Amino acid sequence: MGSFNTSFAGGFILVGFSDWPQLELFLFVFISIFYSLTLLGNTVIIILSRLDPRLHTPMYFFLSHLSFLDLCFTTSTVPQLLINLRGRDRTISYGGCAAQLYIFLALVSTECVLLGVMAFDRYAAVCRPLHYTTIVHPQLCHALAISSWVGGFINSLIQTGLMMAMPLCGHLLNHFFCEMPAFLKLACEDTGATEAKMFVARAIILVFPAALILGSYARIAQAVLKVKSMAGRRKAFGTCGSHLVVVSLFYGSGIYTYLQPTSSYSDSGGKFVALFYTILSPTLNPLIYSLRNKDVKRALWKVLARSKFRVEAGNNKLIYSSTQFIEHIQFLQGS
């Protein structure tokens, strides 16, 4: 294990990837690149969905929420991970750990529900196109988005409250952030009853949205198979397949982490699996869901062209003002 500062009381030490010191530089570069792409891609989606009127649709309304979620999601863990990878002080206070645990679980839970809502939106668009605007109306969109956020934070409050009420022994947390399975391993007493309650809360927030997603895409696949055009089928299946790959990465890693007993949880494997839903999924979401769409590309080029026009107009105005100034100086010298 790599060396780091252990002179810490009243909190926890995040072991992180110090078991593999030879990987820390590579992980630092890898995570920095993906974190930068996450910030850029999701910020672009949020800005475009606000600026372009053609993106004021239910799909992009939910996508802007997903992008904001991913920004908060990665920022709750990645900056601290980057600091820990290159520094010696890997400590976190008890209050900081509890806050990070609550925020992280809340955002994960919200994203689980939101992905289910987005699958329902795609089902309505593909399978009920004539009634889409009446089914997914603005009031319903706002209600579903608010329900996702409220449900996620309530679920996190229940799980965090149960976990923080347990007596803990030790301060060495074998993870790169305050993750629930690693946290449970510090419990001083039998956690069977508490884990059972937490398992129910986790299953509700993971299994039900996953079932909604699978059911929605199954109906979408049935509708696509009825399309006579082979090119249309290929395009639809390519889009749905991309969505399902990203969803599978997120839900697969989440189910592996949260729906297995603590006794069978692998600390080493859990760290690398956590990279999928903290690093890769938030980076892929804007690329798969939005940036490949023609509407988003058109909106992006429109915004870039408008910015270029403003810069050129500003430069022309500056040149014009400079010319006027020179002519005025020459006039004064001549007089």
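Values quoted throughout were computed directly from the atomic coordinates according to the rules given, and no laboratory measurement underlies them. This one's a predicted model, so the numbers in the text were calculated from it and none came from an experiment. Neighbour counts run over all protein chains shown; Cβ positions are idealised from the backbone, glycine included.
Numbers for the structure displayed
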quantity: Extreme residue, positive dipole direction of the chain, given options Pro53, Leu71, Gly161 (C-beta unit charges); calculated: Pro53
quantity: Where the Cα pairs of the range 1-159 fall when distances are cut into 10 Å bins, in %; calculated: 10, 29, 29, 19, 10, 3, 0
quantity: Cα-Cα separations in the range 167-282 greater than 19 Å, expressed as whole percent; calculated: 58 percent
quantity: Among Ser36, Met118, Pro282 - extreme Cα towards positive end, dipole of the chain, charges at beta-carbon; calculated: Met118
quantity: Helix axis angle, 138-164 relative to the chain longest principal axis, alpha carbon, degrees; calculated: 40 degrees
quantity: Orphan Cys of the chain, criterion: no other Cys C-beta under 4.7 Å; calculated: Cys72, Cys112, Cys127, Cys141, Cys240
quantity: Column: log10 I(q)/I(0), Debye, Cα scatterers of the range 99-193, q = 0.11, 0.12, 0.16, 0.22 Å⁻¹; calculated: -0.48, -0.53, -0.73, -1.05
quantity: Cα-based helix-to-principal-axis angle, 230-258 vs the chain, degrees rounded to 10; calculated: 40 degrees
quantity: In Hz, Karplus ³J(HN,Hα) per residue of the range 92-97 (6.51, -1.76, 1.60; θ = phi - 60°; x = Gly, Pro); calculated: 8, 6, 4, x, x, 5
quantity: Of Lys197/Lys271; Lys228/Lys294; Lys228/Lys302; Lys271/Lys297, those spanning more than 31 Å from alpha-carbon to alpha-carbon; calculated: Lys228/Lys302; Lys271/Lys297
quantity: Ellipticity estimate at 222 nm from DSSP helix runs (n ≥ 4, -39,500 (n - 2.57)) divided over the chain, nearest 500; calculated: -25000 deg cm²/dmol
quantity: Cα coordinate range in the range 182-229, projected on the principal axes (Å, largest first); calculated: 62, 17, 10
quantity: Debye, to nearest 20: dipole size of the chain, +1 on Lys, Arg Cβ, -1 on Asp, Glu Cβ; calculated: 1680 debye
quantity: Inter-site label distance for Thr133 and Thr75 at 7 Å from Cα along Cβ, in nm; calculated: 3.6 nm
quantity: Using distinct alpha-carbon pairs, which all enter the 1/r mean, Kirkwood radius of the range 96-140 in Å; calculated: 12.4 Å
quantity: Cα pair distances of the chain binned at 20 Å [whole percent]; calculated: 26, 48, 19, 6, 1
quantity: Helix 192-225 vs. the chain, principal-axis angle (Cα, 0 to 90°, nearest 10); calculated: 40 degrees
